[in-house]
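Enquirer: Here you go, one structure.
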Amino acid sequence: MTLNDHDQNDALDRSLIRLFVEPPLLKAGEAVALSRMQSNYLVNVMRLERGAELLVFNGRDGEWLATLAHAGKNNASLTTVRQMRPQIAGPDIHYLFAPLKKAKLDYIVQKATEMGASVIRPVMTRRTNAERVNVERLQANVIEAAEQCGILNIPEVMAPIKLSKALDDWDANRRLIYCDEAAPIVSPLAALADISPGPLAVLIGPEGGFDPAERERLAALPFVRAISLGPRIMRADTAGVAAMALVNAALGDWRARE
């Protein structure tokens, strides 16, 4: 595929490779140096040659059509051509979760990115089993999910924090929604109905659920709202997807636009 094959108003071409890049600014004619890993992927794995097209984004300047300007196996570079999609603001939803085992942890971070989280942060609860969290691995999963799913916004990945400390430092203007099978309102949509759209956070507990003292503290905080996820007990990784879907439908960018 060459540049001449494109109309100026063409839609997103999902057959093109997408890459997250980190120059300070994306603009027409910008030279973009790629990392050793990205160069290897494009040249050695995907067998792209000089002049090949792909899409790039940096989480700030929208999505750009680019061409492979130098096809070095370890030091490839691109040249941006034109903007394909402008940057748009995503929902302001922080995603806090008790870390799980490695494979499930990867899944949680990928799905939170796909569901529009603006911040991803592990929280250590009293029943959290994971002893350490590799933040660099979380960041890599965020980028991979965004590249594969056409997402323009890259969530900020924050270092793990104890749940008690997170609640101590909480900004009360950001409503915190957490999943609790014993929530007083059975319908999660009804529980969310009187919350005004604005800064939000979703908190997913560990596989064994929150400790009684943690649940008691959460229930006592005025900025916190408990929601039920229905009559079935879900695994923590499944609960995260369900909760983000409910919050996006009720308060996020899944709502009908007027």
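The values are calculated or read from the model by the stated rules, or taken from the named source; none is laboratory data. For clarity, every value in this text was computed on a predicted model and none was experimentally measured. Cβ placement follows ideal geometry from the backbone for every residue including glycine, while neighbour counts extend to all protein chains displayed. To get the accessible areas, we keep the full protein, side chains included, count just its heavy atoms, and leave off ligands, DNA and RNA. Shrake-Rupley method; radii C 1.70, N 1.55, O 1.52, S 1.80 Å.
Enquirer: If the Cβ limit is 7 Å and pairs must be 6+ apart or interchain, which residue in the range 167-187 that is within 20 Å of MET234 (Cα to Cα) and part of a loop (DSSP other than H, G, I, E, B) pairs with which residue that is at pLDDT 90 or above and open to solvent by 40 Å² or more (accessible area, probe 1.4 Å)?
Expert: Pairs found: ASP180/ARG215.
Enquirer: Being closer than 18 Å to ALA166 by Cβ and either at pLDDT below 95 or basic (Lys, Arg) (or both) narrows it down to one residue among ARG137, ARG126; which is it?
Expert: ARG126
Enquirer: With respect to ALA220, is the statement that it is free of Cβ contacts under 8 Å to residues at least 12 places away in the same chain, loosely packed, with under 13 Cβ neighbours inside 10 Å and not aromatic (Phe, Trp, Tyr) true?
Expert: So ALA220 fits the description; yes.
Enquirer: Can you tell me which residue in the range 65-106 is nearest to LYS162 (Cα to Cα), limited to those that are open to solvent by less than 30 Å² (accessible area, probe 1.4 Å) and assigned to a helix (DSSP H, G or I)?
Expert: LEU105
Enquirer: Taking only pairs six or more apart or across chains, which ones have beta-carbon atoms under 8 Å, a first residue in the range 16-32 that is under 15 Å from GLU53 (Cα atoms), and a second residue that is open to solvent by 20 Å² or more (accessible area, probe 1.4 Å) and basic (Lys, Arg)?
Expert: Note: pairs meeting the criteria are ALA28/ARG82.
Enquirer: Something else about it: Within 15 Å of PHE20 (Cβ to Cβ) and assigned to a strand (DSSP E or B): is that true of VAL109 in this structure?
Expert: Answer is no for this residue.
Residues are listed down the side, and each one gets a yes or a no for (1) under 18 Å from the mean Cα position of the chain (by Cα); (2) in a loop (DSSP other than H, G, I, E, B):
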| position | (1), (2) |
| --- | --- |
| VAL202 | yes, no |
| GLY208 | no, yes |
| ALA213 | no, no |
| ALA219 | no, no |
| ALA226 | no, no |
| ARG232 | no, yes |
| ALA239 | yes, no |
| ALA243 | yes, no |
| LEU246 | yes, no |
